[in-house]
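Below you'll find the structure, written out as structure tokens, and then a few comments.
The values are calculated or read from the model by the stated rules, or taken from the named source; none is laboratory data. The shown structure was predicted, so the numbers you read here are calculated from the model rather than taken from an experiment. In this analysis, Cβ positions are derived from the backbone assuming ideal geometry, glycine residues included, and neighbour counts consider all displayed protein chains.
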Amino acid sequence: MKKGVKLWAMPSVLVVALSQGGCGSSGNNIVLLRNTGSGSITACFTVNRTVNFALAASNVPANGTAYTRRTAGPMTYNGQAVTGNSSFVTSGNKSYTLSRYWTVTSNGVRLIATVAYTGVYPGGTFLPQNMAPGQTVTDAKGGSPHTFIGFETIRLVGKTFANTCHFKRFTVDGQAVEEWIAPGYGQVKQIFIDEILQYNGDL
């Protein structure tokens, strides 16, 4: 990896720290309305129409720049119809994109790949539809463990996301990441170490 460039939580976390400087905008803390017993893994990862929304970041390192907007919905990857979300940031005269792709079937969700400016990171992790709270799955190589915490209804900047899937997973270097995946939007919030990146209104 290039000196001075740190990609947070690769391959699948959607925040990047760049040496050009800058500081993320202050984010709002999550408001957990309730734990819910209903919802489904496939529903959380289903985004049937394209949505665009702003991202707010907090606790970004002084030399970092966080993604500022995201597009989620139907996409194509290597000629295959997939669902995905792409996050974007501009730092100086350069723009950076990080995309994550998956497929949804009646049995669950297959994480296909993450594509960053540093390269392509193949996926393979399968999240079964009947995943139970506390259950952990890994990919075929034994990496990228995902633990399902449960379904939660949360509110971010006045918008309620019902029955989001709350996961805890680990990066390639063993760092823990928490993320909330919302039906119709994909990932709306993540926490990595002290850094928070979350939904900040539709665009």
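Things to note:
- Residue within region 138-152 that is free of Cβ contacts under 8 Å to residues at least 40 places away in the same chain and crowded, with 19+ Cβ neighbours inside 10 Å present: yes
- Candidate set from region 156-174 (those that are of a type in the set (S, T, N, Q) and surrounded by fewer than 21 Cβ atoms within 10 Å (Cβ to Cβ)); member that is nearest to the chain's Cα centre (by Cα): T171
- Residues in region 69-116 that are under 14 Å from the mean Cα position of the chain (by Cα), modelled with pLDDT of 95 or more and small (G, A, S): A72, G73, G84, S86, S87, S99.
- Tallying residues that are touching a Pro at 6+ places or on another chain (Cβ under 7 Å) and either of a type in the set (D, E, K, R) or surrounded by fewer than 15 Cβ atoms within 10 Å (Cβ to Cβ) (or both) within region 103-133 yields 1.
- Restricting attention to region 126-140, the residues that are under 17 Å from W102 (Cβ atoms) and either in contact with a helix residue (DSSP H, G or I) (Cβ under 9 Å, 6 or more places away or on another chain) or at pLDDT below 90 (or both) add up to 7.
- Residues that are over 28 Å from N78 (Cα atoms) and in contact with an Asp or Glu (Cβ under 6 Å, 6 or more places away or on another chain) number at least 1 in the following strands (runs of 3 or more DSSP E) confined to region 119-187: 159-170.
So that you can scan it fast, the table gives a plain yes or no per residue for (1) out of contact with any Phe, Trp or Tyr (no Cβ under 8 Å at 6 or more places or on another chain); (2) farther than 24 Å from G134 by Cβ; (3) among the hydroxyl-bearing types (S, T, Y); (4) in contact (Cβ under 8 Å) with a residue 60 or more places away in the chain:
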site: A162; (1), (2), (3), (4): yes, no, no, yes
site: H166; (1), (2), (3), (4): no, no, no, no
site: E178; (1), (2), (3), (4): no, no, no, no
site: G186; (1), (2), (3), (4): no, no, no, yes
site: F192; (1), (2), (3), (4): no, no, no, yes
site: E195; (1), (2), (3), (4): no, yes, no, yes
